[in-house]
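No lab work stands behind these numbers, since they all come straight from the coordinates. Please read all numbers here as calculations on a predicted model, not as lab measurements. Every residue, glycine among them, receives a Cβ derived from its backbone with ideal geometry; neighbour counts consider all protein chains shown.
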Amino acid sequence: MTSREQRLATTFVDLADTLVANFDVIDFLHTLAARSVELLDADAAGIMLADQRGGLRVMASSAEEARLLELYELQSDEGPCLDCYRSGRPVVRDDLVAMRTSWPLFTEQLQALGFHSAQALPMRLRNETIGALNLFRLEPGRLNEADLRIGQAMAHVATVGLMQERAIAASELLATQLQTALTSRVQLEQAKGMLAQRAGLPMDQAFQLMRDYARSRGRRLSDVAAQIIEGVLDDEVLRKDRRTRPTSPRA
Amino acid sequence: MRDQRVVEILSGLAHDGEQVLLPARLCMACLSALPVSGVGASLMTAAGPSGIVLAATDERARQLEELQFALGEGPCVEASGSGWPVLEPDLVATGSPRWPRFGAAVLDAGVRAVFAFPLRVGAIRVGVLDLYRDTPGLLTNRDLAEALAFADAATAVVLHMQDHDGYDGAGPALIGSIDSRAEVHQATGMVAIQLGVSLAEALLKLRTHAYATSRTMSAIAADVVNRRMWFDGDEVGTTRRRGPL
């Protein structure tokens, strides 16, 4: 197998592996976003999921830019992710002209952040669409067919994983899980802010640091965030920072 | 994205008249929107129960809130600590083992189901919204969604009252305060470090500063995150300009 094929195989195993004791929704979604950028011809990725009230929420992104774009989609109520969630189907446009026609406000923001292409793949199982995976490119044009298929397969496996996780939980977890995931999400942002301030880092590098740390020690991202907030982890994370290679933001 | 239902609930409170305190109005609105018998809201702190009952729809609900503080156990203590909603649809079947003392008391009071929703802003524990019912049974998904919306509204009410010194005049300031953009939370974390205070205090500082300068939370948060604004320890909300990182 080529290294990309090996990486793909690992990714599918990771995305299917949700029946573990310390499963963490946010961490899982960040994995999906990060692997999408790594394995597909995309420069940034973001994931929105529907909460219990049917409203879409930005749950994870590979870079701050992707998060900003998704938030902008929600505010302006237009964009590929929304169309994708509403239709349950992949949403792609051939070029910027077609994008501008469909989503004038969103496309303007997209370009302002340096991107020239955006597409969305549904996170859907049978008739239920629970969210969408957004893929952003610096270069104009859509993903090639092979990448689209792989991206859709990743989104699908991730959806099955999430549904499985939701299905095995007790009924109260089922109904409130996303709410709790939102609390973790907010906590993650608070921890990012604390770390960014203490280490004098931009926000996305602070996040990268937390992620790398969690990854390398097999820890949950939410737990790492909680420990940063409690003030028991900061120094250790920073020490690791000095050893890591300089981060190059994707976008 | 604003959660439409939360905005509706808060707008409803604003129009419900000013004679009754805001938390009491919220509990009453929650009681009429959901198939429950009583509603109570209590303040929590990082250390645990504060002992302060914000509001209750009736005397029994108030007593049950206070009892949880006295015993140090019960759904509200558990929900606040874990950050998870605690849904106990059949107290006869499960109540006693889960909370030996509170379980017995709540059954004596005639309550058969209890649903507790943590009011939290990430790691910041604000309070708990407790719903009590005289009959057993699960909340439907629709009811759960409604209860979660009321919990969000209650969180907004508590924060609003904190930065308005307990004054509870509702209106635009209340509804404008439910901004939950990522930058607001990131800025909260940064200000906590800048001032050497808890996240709860940092959020309060940001909110009072927004209120005092008539700016939105997201505008101030963006300034903090982009290092255009800095909170100083000497005076409340004092800022000094600094160059970008």
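Order A:7-15, B:152-160, B:63-71, A:30-38 from most to least packed using the mean count of other Cβ atoms within 10 Å.
By packing density, highest mean first, the sequence is B:152-160, A:30-38, B:63-71, A:7-15.
Per-residue mean of other chain beta-carbon atoms within 10 angstrom of the beta-carbon, peptide B:81-88?
4
Would you kindly derive the ³J(HN,Hα) couplings of segment A:190-195 from the backbone phi angles with the Karplus curve 6.51 cos²θ - 1.76 cosθ + 1.60 (θ = phi - 60°), listing them in order in whole Hz, with x for Gly and Pro?
With the stated coefficients, segment A:190-195 comes to 4, 5, 4, x, 5, 5 Hz.
If all Cα-Cα distances of segment B:29-139 are sorted into 10 Å bins from 0 onward, what percent lands in each bin, rounded to whole numbers?
Going out from 0 Å in 10 Å bins, segment B:29-139 shows 17, 53, 29, 2 percent.
Can you tell me, using C-alpha contacts under 8 Å and at least 6 residues apart, the relative contact order of segment A:29-160 as a whole percent?
Computed value for segment A:29-160: 27 percent relative contact order.
Across 10 Å bins from 0, what is the distribution of all Cα-Cα pair distances for segment A:34-145, in whole percents?
Histogram of Cα-Cα distances, whole percents per bin: 16, 53, 28, 2.
Can you give me the distance in nm between label points at B:MET28 and B:SER11, each placed 7 Å from the Cα along the Cα-to-Cβ direction?
Rounded to a tenth, the inter-label distance reads 2.1 nm.
Provide the FRET efficiency to the nearest 0.05 for the A:GLN111-A:ALA146 pair, computing r from the beta carbons and using R0 = 30 Å.
Calculated transfer efficiency: 0.70.
What does the extension gain come out to for B:ILE52 and B:LEU107, with contour length at 0.36 nm per residue minus their alpha carbon separation?
17.5 nm
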